[in-house]
Amino acid sequence: MSSGARSVSLPLPLAGSIFGGSSLASNRQASLLDVVGSGEEGGPPTTGAPTDPLSLLLKAFVPHVAIHASEDVDELVREKGFKQGLWELLRPFGDKVQGRVTVRDSNGAAKTWEDFAIRFVRFGDGIEEPEPPEPSVNGGAEDTSRRGKTDLVRLVERVVEMHLRFAEQAHAYSGSSEDGTASPGAAAADTAATSPYFALYLRRLLSGMPVSCHETFAHPVACVMAISSRNPSPIEALQRLYRDTSQGERRLPPWVGADFLRYYVLVHDEENGDITKSMAFFEQMKRSFGLHCHLLRLRSSRSAISDDDCFELPRSDWMTPAEELADIEASEALFADEDDGAFEDPARYIFESDATAIRTFVREMVTQSIVPTMERNVSVWNDQVASRRRGLSGRFMSLSKRFTFGSTSSRSSVLGAPGASNTNYDAAAGFYRADAPEAIMRRLADYAFMLRDWKLAMSTYDLLRTDFSNDKAWRYHAAANEMTALSLLIMPQNMSSKTRIETINTLLDQALYSYHIRCGSLYGSIRSVILGLELLRLRGGSGVDEAVRWGVRVLESRLLGPIGDALLKERLAVCYASKSGSGSQGWGSRWRKAALWSVLAAEAWLGQGKCVQAGRCLSQARAFWARVPREGGGAQGRGAR
């Protein structure tokens with residue numbers, strides 16, 4: 001692997017398709033969402049099917065909203081059948097905000113999205129302590145790889161393996177004599193669809209994103225502080241919740257910004273509460289805490305399937321791997337007790353009036369508070385921090401980090417970083433404090449990415465790459481390179497093949513090297529390459545060959561477990577199948593290579609005893625081979641067998 005020490009400058013502005021070519025001329029001046037989106041004509045852009053990798057990527061990197069509720073709120077919600085309190089009740093409603101959400105970019109241009117989402121999390125959960133990078137010994141690839149085999153990646157493999165096992169058992173119980181294969185025609189029609197098991201693998205990989213120091217996607221953008229109408233002193237309770245989040249034992253680490261939005265909610269018990277009293281409390285809340293308040297009216301009784309206005313609450317699409325494993329084990333235990341008469345329906349129901357109230361609350365909070373606050377922060381940070389860094393003085397300060405002039409002993413003592421000068425990075429602890437310019441710019445870039453302002457996000461990530469490299473903050477450096485590559489692939493651009501190699505490949509190479517070798521982060525290594533591979537494939541043209549090259553590199557590095565290895569081979573077959581040829585002979589197509597990778601995927605599945613999945617891969621291989629042009633013209637047809 002390359003050391004990743006070289007740097008590359010990204011030409012700006014960029015416009016048009018990333019790979020050019022006459023076949024992609026219509027994609028010029030279009031982002032990847034415009035190319036892939038399947039929205040209605042004249043309507044807002046979409047990100048394709050919910051299981052498409054691009055859609056999964058955009059719904060993974062969304063604003064996170066923490067829930068911090070008083071005990072009386074959680075008690076009220078537990079009476080409705082939700083043992084984990086308000087967070088469990090609200091969580092599914094964040095997966096898709098009702099209606100269209102309008103977002104303004106850094107230039108003031110408004111764009112409307114129909115698939116905007118947020119992620120509800122419990123306050124203080126999922127915090128990952130920073131780990132200072134350890135120097136590798138003799139290259140250290142095997143040592144760092146072993147250190148990087150985190151529980152998260154293993155849990156993702158276990159989740160997908162259990163679903164595959166269920167599919168095998170269902171096929172066996174059905175008594176079917178078929179081997180699980182489909183006809184070549186049906187398999188060919190399904191070549192563009194994402195495998196449900198790969199979609200599950202990618203979704204669970206992205207849903208396990210921890211609250212880490214080197215990226216701020218999982219840091220709370222807002223915190224919902226909730227009390228109920230049962231509370232005798234609501235104002236004091238809200239003040240106590242605020243103190244818990246700012247200076248109590250549950251306060252967040254110093255590398256998490258504490259200036260997130262506080263959103264105050266009064267949960268009114270529709271069946272046992274006094275609405276007049278609750279309205280008076282709510283008016284007092286608005287006078288004390290401002291306009292970021294909401295009165296949520298819920299029924300306290302539990303809904304059942306027999307109720308006329310019941311609404312089945314779906315599970316969240318973004319459960320963590322650990323949560324899904326626990327859910328599967330609980331479901332198996334329930335079904336095991338069915339013969340004893342102890343079976344309980346795992347489905348959860350709420351009243352339709354409650355569902356309507358929660359949808360209204362989520363939409364109002366997102367459109368009137370969260371998005372405007374993020375837009376305002378992006379504008380302020382861009383003007384006060386990033387613009388100075390982009391100017392001449394900022395470039396000189398970056399240069400002074402690399403070359404020290406004069407005495408630096410006083411500067412080192414002030415920064416409290418032994419052996420370091422002119423840096424805000426605490427090498428001993430392995431993080432920047434939240435008020436450091438580098439940390440603020442990382443939040444700026446992440447906010448811009450979540451608001452889908454790709455140009456601002458990419459330019460800010462690009463600035464940070466140099467700073468993190470100078471400070472030898474390698475985990476930060478890896479994440480900045482990863483997100484620069486992803487932003488560059490999504491945004492509109494026009495780059496030659498040479499420039500593409502100098503940018504996308506170098507960025508992914510630096511990200512993989514820093515994640516894998518310098519930091520031993522298996523999760524970061526897999527995430528960066530898999531997402532980069534999928535976006536390269538979607539760009540088409542020579543991007544397909546580049547995507548396959550990165551996939552082969554991951555396979556050769558043995559970063560993945562057996563499940564991920566087989567799934568990636570399936571994806572490489574899909575990559576080659578998406579390479580469209582030209583002319584009646586289909587010159588330039590890759591049907592033979594697509595068939596080869598499908599056979600290799602089938603072999604991998606057979607080695608794990610997954611016969612149904614192997615049969616599907618073989619059906620797909622036959623479909624691919626049937627489309628290989630014959631010498632006399634046309635496809636191989638039946639002779640392909």
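The values are calculated or read from the model by the stated rules, or taken from the named source; none is laboratory data. Just so you know, these numbers come straight off a predicted model, no measurement behind them. With ideal geometry, Cβ positions are generated from the backbone for all residues, glycine too; neighbour counts draw on all protein chains shown. The accessibility values were calculated without ligands, DNA or RNA, using every heavy atom of the protein model including side chains. Shrake-Rupley method; radii C 1.70, N 1.55, O 1.52, S 1.80 Å.
In this structure, does Ser288 turn out to be in a helix (DSSP H, G or I) and either open to solvent by 70 Å² or more (accessible area, probe 1.4 Å) or within 30 Å of Met374 (Cα to Cα) (or both)?
yes
Of all residues in region 366-377, those that are in contact (Cβ under 8 Å) with a residue 24 or more places away in the chain have Cβ atoms under 9 Å from Cβ atoms of residues that are small (Gly, Ala, Ser) and open to solvent by 10 Å² or more (accessible area, probe 1.4 Å), 6 or more apart or on another chain, in Thr367/Gly99; Glu375/Ser106. A single member of Leu596, Leu618, Leu567, Leu559 is surrounded by 18 or more Cβ atoms within 10 Å (Cβ to Cβ), in a loop (DSSP other than H, G, I, E, B) and modelled with pLDDT of 85 or more, and it is Leu559.
For region 235-267, residues that are of a type outside the set (Asp, Glu) and within 17 Å of Ser288 (Cβ to Cβ) total 16. Whenever a residue of region 491-506 is farther than 14 Å from Arg549 by Cβ and at pLDDT 70 or above, its partners that are basic (Lys, Arg) and in a helix (DSSP H, G or I), lying with C-beta atoms within less than 8 angstrom and at least six residues away or across chains, give the pairs Met491/Lys455. Given the structure, is Met483 at pLDDT 95 or above and either farther than 17 Å from Leu560 by Cβ or open to solvent by 10 Å² or more (accessible area, probe 1.4 Å) (or both)? For Met483, the condition - at pLDDT 95 or above and either farther than 17 Å from Leu560 by Cβ or open to solvent by 10 Å² or more (accessible area, probe 1.4 Å) (or both) - is met. Taking region 470-480 as the range and being closer than 14 Å to Glu131 by Cβ and surrounded by fewer than 24 Cβ atoms within 10 Å (Cβ to Cβ) as the test, only Trp474 passes.
Cβ-Cβ distances below 6 Å connect the following pairs, each with a first residue in region 515-532 that is charged (D, E, K, R), a second residue that is assigned to a helix (DSSP H, G or I) and surrounded by fewer than 24 Cβ atoms within 10 Å (Cβ to Cβ), and a separation of six or more residues or different chains: Arg518/Trp474. When restricted to residues that are under 16 Å from Asp565 (Cα atoms) and open to solvent by 60 Å² or more (accessible area, probe 1.4 Å), region 150-175 contains 2. Condition check: of a type in the set (Gly, Ala, Ser), in a helix (DSSP H, G or I) and out of contact with any Leu (no Cβ under 6 Å at 6 or more places or on another chain). Does Ala280 satisfy that? In short, yes. For region 311-326, how many residues meet the condition of being open to solvent by less than 40 Å² (accessible area, probe 1.4 Å) and in a strand (DSSP E or B)? Total meeting the criteria: 1.
In region 292-310, of all residues being in a loop (DSSP other than H, G, I, E, B) and in contact (Cβ under 8 Å) with a residue 60 or more places away in the chain, the one that is most open to solvent (accessible area, probe 1.4 Å) corresponds to Arg302.
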